[in-house]
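Step one of this worksheet: look at the structure below.
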Amino acid sequence: CIYGGFEFTKNQRAYKLNFAGDTDNVYGDDFKVNEKRIDDIGNNVVISFSDMDFSEGTEKITVCGRTPNDVNTIQIRYNDENGVQQTQLLEFPNSTDYTEISFDLERISGNKDISFVFLPGSRFDFKWFRFE
């Protein structure tokens, strides 16, 4: 869109580095928002990001986080404008320092609301994610 000599383009949030603390909504039993991070994520926490436009599609996500668990399972839920939901699982390995782990995904395309769901037994510090 061009207005008065300025050109505006839609922010392609889906393909940028997104800090967990920039969530559109977070709720659940145990978590602490620390500026750009969400730490001490425990049982039944949902971290949501709305209106992610995957016009180019994606098949990979990189997550930066850490967990004292041997493996911390994270569900990623995708909801489209018709209410259709898909779920994929990420298995984040133990790490004492913030670590970037890339995961292959089933192809995602179109406009989606994304939620990261942390199940009972979770112990996770979430710094950022990026779809690629």
Under a point spin-label approximation (7 Å from Cα along Cα-to-Cβ), what is the ASN94-GLU35 distance to one decimal in nm?
-> 3.0 nm
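Compute the signed sum of charges (Lys and Arg +1, Asp and Glu -1) over the other residues within less than 15 Å, Cβ to Cβ, of GLY28. Walk me through the intermediate numbers first.
On the way: positive: LYS32, ARG77, ARG123; negative: ASP24, ASP29, ASP30, ASP39, ASP40, ASP125.
Net charge around GLY28: -3.
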So what is the relative contact order for the chain, in percent, with contacts set as C-alpha pairs under 8 Å and at least six apart?
-> 36 percent
Options (1) 41; (2) 34; (3) 28 - which one matches percent of Cα pairs over 24 Å apart as calculated here | (3)
Beta carbons within 10 angstrom, averaged per residue: use that to sort the peptides 85-91, 15-21, highest first.
-> 15-21, 85-91
Highest-first arrangement of 64-73, 101-110, where packing means the average Cβ count within 10 Å = 64-73, 101-110
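Every number in this text was worked out from the coordinates using simple rules, so none of it is lab data. What you see is a predicted model; the values in this text were computed from it and never measured. Note that each Cβ is placed from the backbone with ideal geometry, even for glycine, and that neighbours are counted across all protein chains shown.
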